[in-house]
Amino acid sequence: MKSLSLPAPLSQLLKQIGQIHFQDAPLTGLAILLALASVEPWAAVGMACASLVTLVTTRLARLPVGKALDGLYGYNAALTGAGLFTLFAPSPALFGYLALVSVATTFVSARWVAWGKLPALTIQFVVAMWGAWQLSMLLGLPQPGGGCAKGLAEFLPCGIGQVNFIGSLSGGLAVWLAIILQSREQGLWLGIGAACGWLAAYALDAVVPGAAGQAIGLAVNLALIAQGLTVFGQSVATRFIGIALGVPACLLFGASGLPYFTLPFNLVTWLLLWQGKRPQRLDEPAPVGQ
């Protein structure tokens, strides 16, 4: 699908949000931002501020223009902004922490992309959220985020939306549609992963106490695993293996009491990419000679 025609700075700002779902598409970023604003206005403010800080940092530091414009340096910051302002009340300290995280992740992402052996994924977001948990005396006590309905028709799009802390049926559907418009295959596997997470949570609840309580965590991580392995050109079998590995990973971290966010997605995706062929995104050109 043809991308929106926007000024370069605005395009980069929105692509940094869209890259949370592996898409250098302003439309995807805009759909995420608007859907988040409809349910968590402060979270949308946090996401936009983080993306803006990254944008300014890439310009002032003169980081590689191509990757910066593709949004690869800012999606961890954008997701952190959404997470922080969903789970913590707005405060000067929270804005300050987000600004520091946004600058730091910009430089770490630039170095990681230059390294190129494995994708950065969302590990910096996970570390930043853990840091916020440790700084609760400064940032305030975490507050519960929005949930999802238990029915599959409601939970599936809501589970997809929860990747970006969007806890609503309409918001999740809007984001899912934007992703499908850019890539039907990615949208399909995102939905398959989220559905598998929901089904696993309730199917295993009888033998794994508390599994149903992790339905959102399972849906988020399995959706991202399925989409990520699709983007990096892994086989259908590998995608299902990733989904299968994601279930015990989520349940294990959940049993430990650790707020794992998207950690299982990172670990499972890295493992399968490391064991498989050299990861290359489907939207990137093949190396010369291949």
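Each label was represented as a point 7 Å from its Cα along the Cα-to-Cβ direction; for L199 and Q143 these points are 3.7 nm apart. Which label marks the calculated value of percent of Cα pairs over 31 Å apart, given the options [x] 31; [y] 21; [z] 43? Label of the calculated value: [y]. Dipole magnitude for the chain: computed about the Cα centre from +1 point charges on Lys and Arg Cβ and -1 point charges on Asp and Glu Cβ, it is near 620 debye. Here is how the number arises for the chain: DSSP H runs of 4 or more residues each give -39500 (n - 2.57), the sum is divided by the residue count, and the result at 222 nm is -22000 deg cm²/dmol. Of the residues G83, F240, W176, the one whose Cα sits farthest toward the positive end of the charge dipole of the chain, with +1 on the Cβ of Lys and Arg and -1 on the Cβ of Asp and Glu, is F240. Within the chain, the longest run free of exposed loop sites, counting trypsin sites (Lys or Arg not before Pro) that sit outside DSSP helix and strand states (H, G, I, E, B) and have at most 15 other Cβ atoms within 10 Å, spans 151-276.
Laboratory data are not the source of any read-out in this text; all were calculated from the coordinates shown. Remember, it's a predicted structure, so these values are computed and weren't measured experimentally. Because the Cβ atoms are built from the backbone with ideal geometry, glycine has one as well, and the counts that use them run over all protein chains shown.
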